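So the structure is just underneath, and the comments pick up after that.
The values are calculated or read from the model by the stated rules, or taken from the named source; none is laboratory data. Not measured: the values here are computed from a predicted model. Note that each Cβ is placed from the backbone with ideal geometry, even for glycine, and that neighbours are counted across all protein chains shown. Calculation scope for accessible area: heavy atoms of the full protein, side chains included, ligands and nucleic acids excluded. Shrake-Rupley method; radii C 1.70, N 1.55, O 1.52, S 1.80 Å.
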Amino acid sequence: MDLILVLIIILVPAIAQIKVSSNYNCYKKINNSNNMTGKDVARKILDNNGLEEVEIEEVGGNLTDHYDSEDKVVRLSSDIYNGTSIASTAVA
């Protein structure tokens, strides 16, 4: 029984990661119609919601995007930060 539980705990996140990566790779090939970068989209969303004090930074890695509430910073991976694909827009 414990082995089954361990396998489930390992397999479910692995399958989810594979699906996310697969969808991201598919949609990163399609440019958005307004040619905005992920940084532009994130800035627009933040500004439209009164969050002008939140900074946006570029970080290394792939799909390492996150919000740091302690420093009030949205960190976007390079592909998202500079990308103009619909995937970059959606992640931002």
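At 1.4 Å probe radius, can you tell me the per residue accessible area of the chain in Å²?
Normalised by residue count, the accessible surface of the chain is 69 Å².
Computed over the Cα atoms of the chain, what is the ratio Rg over Rh, Rh following Kirkwood?
My calculation puts Rg/Rh at 1.11.
Extension gain D68-S21, at 0.36 nm per residue separation less the Cα-Cα distance, in nm?
Extra length available between D68 and S21 comes to 14.7 nm.
Can you tell me the 0 to 90 degree angle between the C-alpha axis of helix 38-48 and the longest principal axis of the chain, rounded to 10?
On a 0 to 90 degree scale, this one is about 70.
How many lysine pairs in the chain, separated by 8 or more positions in sequence or lying on different chains, have Cα atoms less than 26 Å apart?
For the chain, the number of qualifying lysine pairs is 9.
Give me, ordered by chain and number, the residues 5 or more places off N32 or on other chains with an amide H under 5 Å from its own placed amide H.
Amide H to amide H, under 5 Å and 5 or more residues apart or across chains, N32 pairs with S85, I86.
Which GluC sites (Glu not before Pro) does region 1-85 hold that lie in a coil by DSSP with at most 15 other beta carbons within 10 Å?
Listed in order of number, the matching sites are E52, E53, E70.
For the chain, set up a GNM with springs between Cα atoms under 10 Å and report which of G50, G61, G38 has the largest fluctuation.
G50
With a 1.4 Å probe and all protein chains left in place, how much of the accessible area of the chain comes from carbon and sulfur atoms, in whole percent?
Taking all protein chains in place, the chain shows 58 percent carbon and sulfur surface.
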